[in-house]
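Written below as structure tokens is the structure these notes are about.
The values are calculated or read from the model by the stated rules, or taken from the named source; none is laboratory data. If you're wondering where the values come from, they're calculated on a predicted model, not measured in any experiment. No Cβ is skipped: glycine too gets one built from the backbone with ideal geometry, and neighbour counts run over all protein chains shown.
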Amino acid sequence: MREAGIEAFLFESARAKQPGINVAAYAPEIFIKEKDQYISSIQNWRCLANKNVIEFTRIEILARERWSFSKDDFE
């Protein structure tokens, strides 16, 4: 995600007993206002995970982007 230029994203905790939204920031620049706004562009991603795989999906009008990572890739 860093290589794609993503600076921050929201995600749902996989371990919390009560569902909650988390925020991750890759760059401190996201906290600097530009033209009276903090966010210049927004992308909606969905993250699904289980014990064996984690998958990030973004659906746009003309395309769908999906990144999938298997547990086996990291062992």
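Any residue in the range 6-29 that is in a strand (DSSP E or B), in contact with a Leu (Cβ under 9 Å, 6 or more places away or on another chain) and of a type in the set (S, T, N, Q)? Among the residues of the range 6-29, at least one is in a strand (DSSP E or B), in contact with a Leu (Cβ under 9 Å, 6 or more places away or on another chain) and of a type in the set (S, T, N, Q), which makes the answer yes.
On the stretch given as the range 52-75, residues that are charged (D, E, K, R) and in contact with a helix residue (DSSP H, G or I) (Cβ under 7 Å, 6 or more places away or on another chain) total 0.
Summed over the range 56-75, the residues that are part of a strand (DSSP E or B), among the hydrophobic types (A, V, I, L, M, F, W, C) and farther than 21 Å from ARG2 by Cβ give a count of 1. Is it true that ALA27 is at pLDDT below 85, surrounded by 10 or more Cβ atoms within 10 Å (Cβ to Cβ) and under 17 Å from the mean Cα position of the chain (by Cα)? Yes: the conditions hold for ALA27.
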